[in-house]
Structures are given as structure tokens and as C-alpha cells.
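To keep things clear, I will list the structure first and then write my remarks on it.
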Amino acid sequence: MADVFTWTPSVNMETETAPAVTVSKFGDGYSQRAPAGINSLVDTFNLAFNNRTPAEITAIDAFLTKQRGVSWFWFAGADGIKVKVICQKPWKRTDPVAGAVSLTCTFEQVFDLGV
């Protein structure tokens, strides 16, 4: 059973949806497009966890470190629907003054098998 990411990001979470399209171009300038596979719409989630306690940010960092950028896990987007994601891109921890800590990361939707 896969892990579940349980922390709630700060407001203004960004979700970017990118269509994967195959384009065939023909000699007379005509082109034809088709979805590249059955899962041709992929979501990317840009998350921020601002002004959190050091313990909460350490827990999020430990969770992402455990996944090592290769294991997928469940994440509920803004609409509450759970999707399989990975965190392959670097995540960034910021330790400002007064004990409030922040972390930013990017989750990419995957369509791997498993539950």
C-alpha cells in the first residue's frame, strides 16, 4: 500500500495541467493531432507550506526523503480527489527568523499500477 501525503498546503496552491499530444505534419502544411496515450492529461502541483512549525516541516521533509523521488504516493488536490504523484524535483526549505519555517515542492501526477 502506498503512502499518503496528509499535510495541507498553504492557500493558492497552483495546479498546472499539460496535455501530451502527438502531432503528425504533412508536406502541404496540414497537421493532425492525437492524444499521446490513454493518460494524456498530466497535473503538476506547485505547493507551499508557509510559516509552519519546525516539527511539521521536518516531518514533510522526512516524508519526501523517504520517497526518494521514485516512489509514488497519494495526494489530494484542491478538489479533494486523490491522485498518484511523485516528487522528483528539488524541494526547498526556508528557515527564517522567529521559528516559522517554510517548504516548497512540486508534485507530478503519475499513472503507475498499484493501490
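Of the residues examined, Ser71 is one that is in contact (Cβ under 8 Å) with a residue 24 or more places away in the chain, of a type in the set (S, T, N, Q), over 20 Å from Ala100 (Cα atoms) and part of a loop (DSSP other than H, G, I, E, B).
Residue pairs whose Cβ atoms lie under 6 Å apart, separated by 6 or more positions or on different chains, with the first residue in the range 81-102 and at negative phi and in a loop (DSSP other than H, G, I, E, B) and the second surrounded by 11 or more Cβ atoms within 10 Å (Cβ to Cβ) and not β-branched (Val, Ile, Thr), are Cys87/Leu64; Cys87/Cys105; Cys87/Phe107; Gln88/Gly69; Trp91/Leu64; Trp91/Cys105; Ala100/Asn51. Checked against the criterion of being free of Cβ contacts under 8 Å to residues at least 40 places away in the same chain and assigned to a helix (DSSP H, G or I), the candidates Ala62, Ala18 yield just one match: Ala62. Of all residues in the range 34-50, those that are surrounded by 15 or more Cβ atoms within 10 Å (Cβ to Cβ) have Cβ atoms under 8 Å from Cβ atoms of residues that are of a type in the set (D, E, K, R) and outside any strand (DSSP E or B), 6 or more apart or on another chain, in Phe49/Glu56.
Within the range 74-104, if we keep just the residues that are under 28 Å from Asn39 (Cβ atoms) and of a type in the set (Lys, Arg), the residue that is surrounded by the most Cβ atoms within 10 Å (Cβ to Cβ) turns out to be Lys84.
Only the coordinates and a few stated rules stand behind these numbers; no lab work does. Since the structure is predicted, the reported quantities are computational estimates derived from the model, not experimental observations. Cβ sites come from the backbone with ideal geometry, for glycine too, and all protein chains shown count toward neighbours.
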